[in-house]
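Everything below concerns the one structure shown next.
The values are calculated or read from the model by the stated rules, or taken from the named source; none is laboratory data. Keep in mind it's a predicted model, so treat the numbers as computed, not measured. Cβ: placed from backbone, ideal geometry, glycine included. Neighbour counts: every protein chain shown.
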Amino acid sequence: MSIERVGIIGAGQMGNGIAHVIALAGYSVAISDVSNDQAQAALATIDGNLARQVSAGKISDEDRRAALSRISLMNSYDELAKIDLVIEAAAEDEDVKRKIFAEICPYLNPETVIATNTSSISVTRLAASTDRPEKFIGIHFMNPVPVMDLVEMIRGIQTGDETFEKSRSFVESLGKTIAVAEDFPGFMVNRILLPMINESIYTLYEGVGSVKSIDTAMRLGARHPMGPLQLADFIGLDTCLSIMQVLYEGLADTKYRPCPLLVKYVEAGWLGRKTQRGFYDYRGDEPVPTR
Ligand code: CAA
């Protein structure tokens with residue numbers, strides 16, 4: 001069975017980016033979210049991002065319209081019966097993801113592959129919570145999905161060869177480059193990236209530099225496209241904290257201890273761009289450092 005129809009569970013910043021690239025590659029996509037408003041907002045975001053690509057001359061307006069016409073909102077899980085691949089892109093919370101798998105599995109065709117876009121949680125453990133561990137895989141997109149070339153693919157211990165090959169061809173058909181990672185906490189990108197971000201927060205916490213000087217240092221001194229604090233706000237501070245907790249608990253090494261200042265920002269509900277406040281305040285015309 002080849003992949004023609006894709007279902008996306010979760011219409012947040014990752015879900016909408018994933019739907020965008022999959023629809024642009026010619027597949028039909030159905031999006032589902034617990035919040036109808038969020039799902040509606042995702043369609044508007046996708047339209048806006050496709051329009052950016054039209055203005056930049058990367059795609060034609062005809063491509064934009066065709067991609068949008070291939071995206072629909074899922075009204076009920078009954079529609080999952082016609083889906084060939086489900087991509088779960090919900091919050092980075094194991095209980096939330098398990099609950100979703102328990103809810104959707106009874107509606108799926110036995111051949112349907114389930115992929116998780118988890119950025120750090122064990123694919124093996126998530127696979128074991130479903131009725132089809134051999135048809136379960138990690139497909140980890142990077143944010144912003146329409147711009148970033150990489151997709152990390154993670155095999156759980158149970159992932160079948162057929163599932164892996166089918167998923168690999170699918171991801172390649174999106175025009176992305178694949179890096180295959182073993183199923184260990186944080187896989188590759190976040191195992192390396194998040195300790196760097198966490199260290200930048202410690203650097204701020206210990207008063208070594210201000211928000212502005214730390215970001216300037218890494219943008220101009222290491223040629224990163226964004227400073228690490230700016231990137232933390234972009235990823236979402238709650239997601240950064242969840243990933244650090246997975247690394248800390250999964251690898252049992254104190255070097256992964258989440259910075260208390262990161263915990264404090266998350267407790268305040270200052271989660272970065274999505275809540276308009278994090279290490280920067282985004283409510284005005286220009287981002288203003290909050291420390
Ligand atoms: N959809 C479509 N196009 C987009 C877009 C989106 N969501 N976001 C940006 N773009 C396009 C812009 O239109 C622009 O296109 P042109 O060059 O053709 O004009 C281009 O991308 C660059 O954007 P901007 O000019 O607005 O801004 P920029 O030059 O600062 O680039 C950025 C923005 C691409 C996000 C860049 O800052 C960057 O690469 N940042 C680092 C991102 C990163 O590290 N991502 C990984 C996060 S980690 C992760 O995702 C894993 C995880 O699990 C946490």
Step by step: first the residues of the range 238-280, then only those that are assigned to a strand (DSSP E or B) and touching a helix residue (DSSP H, G or I) at 6+ places or on another chain (Cβ under 7 Å), then the one that is nearest to the ligand (Cβ to nearest atom). Which residue is that? Gly272
Scanning the range 228-237 for residues that are near the ligand (Cβ under 10 Å from one of its atoms) and under 16 Å from Gly209 (Cβ atoms), which turns out surrounded by the most Cβ atoms within 10 Å (Cβ to Cβ)? Ala232
Considering only residues of the range 127-146 that are more than 18 Å from Gly7 (Cβ to Cβ) and within 16 Å of the ligand (Cβ to nearest atom), which is surrounded by the fewest Cβ atoms within 10 Å (Cβ to Cβ)? Pro144
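Out of all the residues in the range 1-10, which are over 15 Å from Asp93 (Cα atoms) and buried (at least 20 other Cβ atoms within 10 Å of the Cβ)? Can you show your working first?
Residues of the range 1-10 that are over 15 Å from Asp93 (Cα atoms), as a first pass: 1-8.
Within the range 1-10, Val6, Gly7, Ile8 qualify.
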Regarding Ser120, is this residue among the hydroxyl-bearing types (Ser, Thr, Tyr) and modelled with pLDDT of 95 or more? no
If a residue has to be assigned to a loop (DSSP other than H, G, I, E, B) and either more than 22 Å from the chain's Cα centre (by Cα) or more than 15 Å from the ligand (Cβ to nearest atom) (or both) to count, how many in the range 185-227 make the cut? 7
Does Glu62 fit the bill of being assigned by TED's automatic domain parsing to the domain that holds Ser167 and in contact with a Lys or Arg (Cβ under 8 Å, 6 or more places away or on another chain)? no
Would you confirm whether any residue within the range 51-64 is touching a helix residue (DSSP H, G or I) at 6+ places or on another chain (Cβ under 8 Å), among the acidic types (Asp, Glu) and loosely packed, with under 13 Cβ neighbours inside 10 Å? yes
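This table checks each residue for (1) within 16 Å of the ligand (Cβ to nearest atom); (2) surrounded by fewer than 22 Cβ atoms within 10 Å (Cβ to Cβ).
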position	(1), (2)
Arg70	no, yes
Glu79	no, yes
Glu94	yes, yes
Tyr107	no, yes
Ser119	yes, no
Answer yes or no as to whether Tyr248 is over 14 Å from Glu199 (Cβ atoms), out of contact with any Ser or Thr (no Cβ under 7 Å at 6 or more places or on another chain) and hydroxyl-bearing (Ser, Thr, Tyr). no
Selection count where residues are within 14 Å of the ligand (Cβ to nearest atom), touching a Leu at 6+ places or on another chain (Cβ under 9 Å) and closer than 24 Å to Leu237 by Cβ, scope the range 21-58: 1
